[in-house]
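Accompanying notes for the structure given below.
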Amino acid sequence: MSDSKTGIAVISPSTFQEAQDMSLTLAKSALLGTLTNKPSDILLILMTGAELGFAPAQSLRAIDIIKGKPTLKAETMAALVRRSPVCEYLTLVSSDATKAVYETKRKGSPSPVRMEFTAADAATAKLQGNENYQKFPKAMLRARCVSALCKAEYSDLLL
């Protein structure tokens, strides 16, 4: 089967049984890290991704299971928003180790919306003990900022 937009060949299940079989096979792969030996989690990711128009491999790269719930990664949210015709723009305004700022404008909205996420916000949320925050503070602040902005302005696209 090939993707109608790109023409790229996509291996994708078309029934629940095929998705279940794919999940069982994928669960045997050591390449899936924490998903290895978790076919039910893989199935949930594949189903969630299919609802958003993702191929299976895209789903596995774009969706995490966090506290038992399929959760879109920040870059996935940004991609969904940017590819939507309702988004005029979603742009990074500034980013450093203390603050990230993003701005977006939705078609039909009278003005853009700007949001920031700071190191102080991360401290309040008790996120700074997280290894990723210690290693990549700028990236983590950007991720929190863009995901908060996407959820606030484009929740309809992320469901």
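The values are calculated or read from the model by the stated rules, or taken from the named source; none is laboratory data. All values reported here derive from a predicted model rather than from experimental measurement. All Cβ positions, glycine included, derive from the backbone under ideal geometry; neighbour counts span all protein chains shown. Ligands, DNA and RNA are stripped out before the accessible areas are found, and what is left, the full protein with its side chains, is counted by its heavy atoms. Shrake-Rupley method; radii C 1.70, N 1.55, O 1.52, S 1.80 Å.
Quick notes on this one:
- Overall form of region 93-139 per C-alpha gyration tensor (a/c, 1.5; a/b vs b/c): prolate
- Loop sites in region 79-143: trypsin sites (Lys or Arg not before Pro), DSSP, at most 12 other Cβ within 10 Å: Arg83, Lys107, Lys126
- Tensor-based shape of region 112-151 (alpha-carbon gyration tensor, a/c under 1.5 rounded, otherwise prolate or oblate): prolate
- Reachable lysines from Lys99, criterion Cα separation under 25 angstrom, eight or more residues apart if same chain: Lys73, Lys126, Lys135, Lys138, Lys151
- Taking only protein heavy atoms and a 1.4 Å probe, the accessible area of region 13-125 is 57% carbon and sulfur.
- Accessible area expressed per residue, the chain, with surrounding protein chains retained (probe 1.4 Å, Å²): 61
- Within the chain, all pairs of alpha-carbon atoms sorted by distance into 10 Å bins from zero give the percentages 10, 32, 32, 21, 5, 0.
- Extension reserve of the Lys135-Ser29 stretch, reckoned as 0.36 nm per residue once the Cα distance is removed: 35.4 nm
- FRET E, pair Thr71, Gln17, Förster distance 25 Å, beta-carbon r, rounded to 0.05: 0.45
- Treating r as the C-beta distance of Ser109 and Asn37 and R0 as 30 Å, the FRET efficiency rounds to 0.10.
- Label point distance in nm, Lys126-Leu159, each placed 7 Å from Cα along Cα→Cβ: 3.2
- Set of aspartates and glutamates near Lys67 by C-alpha distance (under 20 Å), chain-local residues within fewer than 8 positions excluded: Asp41, Glu75, Glu131
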